[in-house]
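Following: one structure in structure tokens, then a few remarks.
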Amino acid sequence: MRIAIVGGTGPFGVALATRLREAGHDVVLGSRDAARAKDAAAELGVEGAMNGEAVRDADLVVLATNADAALDTARLLRESIGSTPVLCVASELRFTSSGVLPSPEAVSLAERIQAHLEGPVVAGLHSLAASTLGRDEPPDEDAFVCGDDSEVKTLVLEVAERLIAGRAFDAGPLASARALEGMIAVAVNLNKRYRGHAGIRVTGLR
Ligand SMILES: NC(=O)c1ccc[n+]([C@@H]2O[C@H](COP(=O)([O-])OP(=O)(O)OC[C@H]3O[C@@H](n4cnc5c(N)ncnc54)[C@H](OP(=O)(O)O)[C@@H]3O)[C@@H](O)[C@H]2O)c1
């Protein structure tokens with residue numbers, strides 16, 4: 001499958017690209033800057049292009065810009081993305097003196113992005129830290145994907161399953177993305193308090 005990673009030059013995009021390439025996918029790393037895309041991509045042995053070019057022939061677009069830029073980037077790329085499915089991995093977090101908080105928005109970022117795009121948006125992989133995803137061994141944790149289009153959700157679950165040592169779970173409709181996005185505030189607080197990179201494993205399921 002051809003997977004374009006918009007904003008793929010960041011730590012998450014680079015780690016994801018590495019794993020996706022190992023899993024046999026055709027990966028295109030996107031950036032706002034052609035040279036930055038090509039340099040980062042060359043190091044990984046994948047393709048690199050401006051974001052708008054990268055998404056053009058993709059089967060799946062991963063929106064991996066920093067969270068604050070995700071909505072505007074989706075708006076900007078609307079025409080180029082067309083009806084291609086989009087995976088939103090972003091969590092909007094608020095860093096305060098008392099700790100990290102989830103976004104106060106009543107509607108998830110993924111749903112707000114969906115409102116601007118023609119194709120289906122699914123949300124997932126939020127809990128996979130770039131630092132653990134980028135290691136040689138697949139991270140010993142589960143992954144979660146929310147979405148309303150069951151075909152696209154199945155496709156993304158299959159992709160996710162190959163990235164981790166744990167399981168990729170269907171975590172419900174896109175409206176549940178708010179919980180997945182907010183959960184990362186808890187993970188970051190755990191990372192700070194207990195020094196590490198929290199991953200999530202679900203027990204009690206068949
Ligand atoms: N880091 C993690 O462990 C982790 C884990 C799970 C999910 N996520 C999610 O994955 C996404 C990427 O995380 P990250 O840590 O890799 O983020 P990041 O380094 O802050 O940003 C990723 C890329 O976004 C692009 N970008 C920055 N500002 C932009 C703007 N105003 N408009 C368009 N593009 C812009 C940059 O690429 P160019 O300058 O090359 O365009 C940058 O390399 C985030 O949404 C985050 O919530 C991160």
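A short reminder: the numbers here are calculations on the coordinates, not readings from a lab. These numbers come from a predicted model, not from an experiment. So basically every Cβ, Gly included, is an ideal-geometry build from the backbone, and we count neighbours across all protein chains shown.
Quick notes
- Three-way shape label, region 88-172, alpha-carbon gyration tensor, a/c 1.5: oblate
- Contact order, relative form, for region 2-194: 19 percent (alpha carbon pairs under 8 Å, 6 or more residues apart, mean separation divided by residue count).
- Put simply, the amide H of Val27, placed in the peptide plane, has neighbours under 5 Å in Ile3, Glu47, leaving out anything fewer than 5 places away on its chain.
- Net +/- balance of residues flanking Ala115 in space, Cβ distance below 12 Å, scoring K and R +1, D and E -1: +1
- Karplus-derived 3J(HN,Hα) values for region 138-143, using 6.51 cos²θ - 1.76 cosθ + 1.60 with θ = phi - 60°, are x, x, 7, 7, 9, 10 Hz; glycine and proline are entered as x.
- Antiparallel %, DSSP beta bridges [both residues in the chain], to 5: 25
- Global form of region 120-167, assessed from the alpha-carbon gyration tensor, a/c cut-off 1.5: prolate
- Placed amide H near Leu125: partners under 5 Å, 5+ positions off or other chain: Phe144
- Around Gly7: net Lys/Arg minus Asp/Glu count, Cβ-Cβ under 13 Å: -1
- Region 1-68 and region 141-206 have Cα centres spaced 21 Å apart.
- Electrostatic dipole magnitude of region 2-194 [Cβ: Lys, Arg +1; Asp, Glu -1; Cα centre; debye, to 20]: 520
- Region 6-72: relative contact order as a whole-number percent, Cα under 8 Å and 6+ apart: 35
- Given R0 = 22 Å, the distance between the Cβ atoms of Asp170 and Asp68 translates into a calculated FRET efficiency of 0.20.
- Semi-axes of the equivalent ellipsoid for region 154-201, Cα gyration tensor, largest first, Å: 23, 16, 6
- Environment charge at Ser150 (Cβ cut-off 13 Å; Lys +1, Arg +1, Asp -1, Glu -1): -4
- Over the chain, the ratio between the Cα radius of gyration and 2.2 N^0.38 Å evaluates to 0.95.
- Evaluating 6.51 cos²θ - 1.76 cosθ + 1.60 at θ = phi - 60° for every residue in region 68-81, the Karplus couplings come out as 5, 9, 5, 5, 5, 5, 4, 4, 5, 9, 3, 5, 5, 6 Hz, glycine and proline recorded as x.
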